[in-house]
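Step one of this worksheet: look at the structure below.
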Amino acid sequence: MEIEVQQGSILEARADAIVNAANSQGVMGGGVAGVIRRAAGKEVEEEAVAQAPIPVGSAALTGGGKTRFRGIIHAPTMPQPAQRIPAENVYKATAAALRLAEEK
């Protein structure tokens, strides 16, 4: 697996898949999740919600919807939308996203 740091819109990333810092419910309401949902279509959110609950420390894969990405990895950092999170949750979500990317 190759990891590259890029700056700019997540929708312009040169990658096979992107990571959504999600909530455990799979709801893609605001922030980066909202940007991804608007571009990918509601079907991607529906796929994520169908896999809920997605515990912090795990990740779920959906299709890329209307984007050019082969997939979107949803890695929860919080159980519910708009919650404050400890830094440990970011570590857990990152590790889960990398594990899932390696598997797929």
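Backbone phi angles across the range 52-63, fed through the Karplus curve with coefficients 6.51, -1.76 and 1.60 (θ = phi - 60°), yield HN-Hα couplings of 6, x, 10, x, 4, x, 10, 8, 10, 10, 10, x Hz in residue order; Gly and Pro are listed as x.
Across the range 31-48, rounded Karplus estimates of 3J(HN,Hα) from the backbone phi angles (6.51 cos²θ - 1.76 cosθ + 1.60, θ = phi - 60°) give x, 4, 4, x, 4, 5, 4, 4, 7, 7, x, 5, 4, 5, 4, 4, 4, 5 Hz, Gly and Pro being marked x. Ordering 13-22, 50-59, 68-77 by mean Cβ neighbour count within 10 Å, with the highest value first, yields 68-77, 13-22, 50-59. Less than 5 angstrom separates the built amide H of Val19 from those of Ile73, all sequence-distant by 5 or more or on a different chain. The DSSP beta bridges internal to the chain are antiparallel in roughly 35% of cases.
In the list (i) 5.9; (ii) 6.3; (iii) 8.0, the label attached to mean projected area of the Cα convex hull in nm² as derived from the coordinates here is (i).
Here, each number is a calculation from the coordinates, and none is a lab measurement. Since we're looking at a predicted model, the values are computed, not measured. FYI the Cβ positions are ideal-geometry reconstructions off the backbone, even for glycines, and counts take in every protein chain you see.
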